[in-house]
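Asker: Here it is: the structure, laid out below.
The values are calculated or read from the model by the stated rules, or taken from the named source; none is laboratory data. Worth saying up front: this structure is predicted, and the values here are computed from it rather than measured. Cβ placement follows ideal geometry from the backbone for every residue including glycine, while neighbour counts extend to all protein chains displayed. With ligands, DNA and RNA removed, areas are computed over all heavy atoms of the protein, side chains included. Shrake-Rupley method; radii C 1.70, N 1.55, O 1.52, S 1.80 Å.
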Amino acid sequence: MGHPMFTYDTELGEAIFAYCRERLTMDPVPLDYGSLQDVAVNGLEGLISQEGHDPESILKFFKEQLATAVVSIDSPRFLAFIPNAPTKSSLLFDMVVACSGLNGTSWLESAGVVVAENQALEYLASRIGLPEGAGGCFVSGGSIGNLSALTVGRDVGRSRHPDLAPHTLRFAISGDAHSSVGSALHVLGIEPLLIEPDDHRLTLENLRAALAADPHPETVIGVVATCGTTNAGIVDDLEGLGSFCRENNLWFHVDGAYGGAAMFSTSEKERVAGLRHADSFIVDPHKWLYAPLDCAALIYRDPRLARAVHTQKAGYLDILHETHDEEFDWNPSDFAIHLSRRARGLPFWFSLVTEGIGNYESAVQTSIDAAHRAAARIEELDHVEMVRPVSLSVVLFRRKGWTAEQYNEWSYQLLRDQVAFVTPTKWEGETIARFAFLHPDTTDEMVEEILASMRD
Ligand SMILES: *Cc1c(COP(=O)(O)O)cnc(C)c1O
């Protein structure tokens, strides 16, 4: 007999599998309530105890009291922030990853995982036109992806400019870059050359003008562009900025956490063609590529540069790096700010391989088309109006005459009524409404219901 904690409890196993089956087969999943539901904090009291508790009663408590106080991000009625709608096959395979305790840290421990994750990364890299040899790893999210990539860009910039004081080096970023880019530069101790773009889209002309007006343009070592801003879905001038960076030996990082997925669309393919210039690129499969949280793909044009920066060195780790062939000994831990990691890319890999690319292409396009139909409907109605044209799958619109408080109250009421989760945003100082389409099962009827709720 082994230790009791490591003995399989058949009854608990059956209860958990039954719960997972129930959840997986819900169609649609209930939206649920988030903070609107009173969280049963009393029920938590004394749960951590010397003796432990009956697992089935705790599962029941979780299911009835805790799970209902979480808005289901995979509901087709979730149109706030950026939703997350994992495919059923990715969710099922996430269970396989969990139950196998699947480690994805190093080639030595996890070659079987690494080759599969790399197949998915190589597919994404080739899809955006990066050369053979491009690669990286899966990280927890876009934020850590941006930080890891910009760390490499910074170090490469330093090595190109031994003549300049390291603390003077800068990245050019747009005022519309994601907050995580600002956080990354803060962590790195790097000042941005902050550019306020024309109409929220960073262009080559904006960059040129900013460099020309700056007293020290030589300290700019790279440019961060966004492929699909989170708030508005705007794609920067990737072609212009990217080719300029290539010609001028600047690091070109593209944050495509949300909108990088447009590489799968038919209508937006051209708009994202400039991704091929990226020195580093991120896209979150846990956003618009239908993988479970937490999964971001981080890809470098030349991964050797990243390995030189991120490989952690310690006596006990030497064996990971002293073996065989550099080309094959691919340690995911060497390409980002992390070491131990679960094989978080595998649910995405399994789904990509089993569902086929055609399904990804049609799902991504479905959201873009739904956004355009919603915009057309908004144009028809009197009480609402578009704030700007649709970009990718984001719709920014206004309820004529509403104050910020009215948007907030309406948003809470929609959630209370379980109609939808739609949160307001700020645009040029004004509070407005925003849809982010992502779940392919969001219907025009749902949109109609939401727009009708804004009438009074
Ligand atoms: C969501 C997002 C991020 C941050 O990604 P996380 O996975 O939430 O850390 C960064 N950039 C953009 C453009 C995003 O939309």
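Asker: How many of the residues in segment 220-242 are more than 23 Å from the chain's Cα centre (by Cα), in a helix (DSSP H, G or I) and not small (G, A, S)? Full working, then the answer.
Answerer: So the first thing to find is which residues in segment 220-242 are more than 23 Å from the chain's Cα centre (by Cα), and the list is 220-221, 240.
Imposing the further condition that a residue be in a helix (DSSP H, G or I) reduces the set to 240.
From what's left, not small (G, A, S): none.
Count: 0.
Asker: Keeping to segment 377-422, report how many residues are part of a loop (DSSP other than H, G, I, E, B) and out of contact with any Phe, Trp or Tyr (no Cβ under 7 Å at 6 or more places or on another chain).
Answerer: Of the residues in segment 377-422, 15 are part of a loop (DSSP other than H, G, I, E, B) and out of contact with any Phe, Trp or Tyr (no Cβ under 7 Å at 6 or more places or on another chain).
Asker: Now for a separate question. Select from segment 1-30 the residues that are of a type in the set (A, V, I, L, M) and in a loop (DSSP other than H, G, I, E, B) and write down the one among them that is modelled with the lowest pLDDT.
Answerer: M1
Asker: Follow-up. Of everything in segment 31-42 that's open to solvent by 50 Å² or more (accessible area, probe 1.4 Å) and assigned to a loop (DSSP other than H, G, I, E, B), which residue is nearest to P76 (Cα to Cα)?
Answerer: Y33
Asker: If you don't mind, another one. Output the residue which, of all residues in segment 195-219 that are outside any helix (DSSP H, G or I) and touching a residue at least 12 places away in the same chain (Cβ under 8 Å), is nearest to A232 (Cα to Cα).
Answerer: R201
Asker: Here's another thing I want to ask about it. Output the residue which, of all residues in segment 427-456 that are over 22 Å from V364 (Cβ atoms) and within 23 Å of the chain's Cα centre (by Cα), is surrounded by the most Cβ atoms within 10 Å (Cβ to Cβ).
Answerer: Restricting to residues being over 22 Å from V364 (Cβ atoms) and within 23 Å of the chain's Cα centre (by Cα), the top hit is A433.
Asker: Next question. Provide a single number: the residues in segment 377-390 that are surrounded by 21 or more Cβ atoms within 10 Å (Cβ to Cβ) and touching an Asp or Glu at 6+ places or on another chain (Cβ under 9 Å).
Answerer: Number of matching residues: 1.
Asker: Right, another one. Just name the residue that is farthest from the ligand (Cβ to nearest atom) out of those in segment 279-294 that are of a type in the set (A, V, I, L, M) and in contact with a Cys (Cβ under 9 Å, 6 or more places away or on another chain).
Answerer: Selected residue: L289.
Asker: What is the one condition in (1) in contact with a strand residue (DSSP E or B) (Cβ under 8 Å, 6 or more places away or on another chain); (2) within 16 Å of the ligand (Cβ to nearest atom); (3) assigned to a helix (DSSP H, G or I) that A297 does not satisfy?
Answerer: (3)
Asker: Keeping to segment 124-169, report how many residues are in contact with a Pro (Cβ under 6 Å, 6 or more places away or on another chain), away from the ligand (no atom under 16 Å from the Cβ) and farther than 15 Å from A278 by Cα.
Answerer: The total comes to 1.
Asker: Could you please find all residues in segment 300-324 being surrounded by fewer than 23 Cβ atoms within 10 Å (Cβ to Cβ) and either within 16 Å of the ligand (Cβ to nearest atom) or aliphatic (A, V, I, L, M) (or both)?
Answerer: Answer for segment 300-324, where residues must be surrounded by fewer than 23 Cβ atoms within 10 Å (Cβ to Cβ) and either within 16 Å of the ligand (Cβ to nearest atom) or aliphatic (A, V, I, L, M) (or both): L305, A308, V309, A314, L317, I319, L320.
Asker: Further question on the same structure: Among the numbered criteria (1) surrounded by fewer than 20 Cβ atoms within 10 Å (Cβ to Cβ); (2) assigned to a strand (DSSP E or B); (3) within 14 Å of the ligand (Cβ to nearest atom), which single criterion is violated by P192?
Answerer: (3)
Asker: Answer yes or no: is there a residue in segment 145-153 that is of a type outside the set (K, R), more than 13 Å from G189 (Cα to Cα) and either open to solvent by 50 Å² or more (accessible area, probe 1.4 Å) or not assigned by TED's automatic domain parsing to the domain that holds L298 (or both).
Answerer: no
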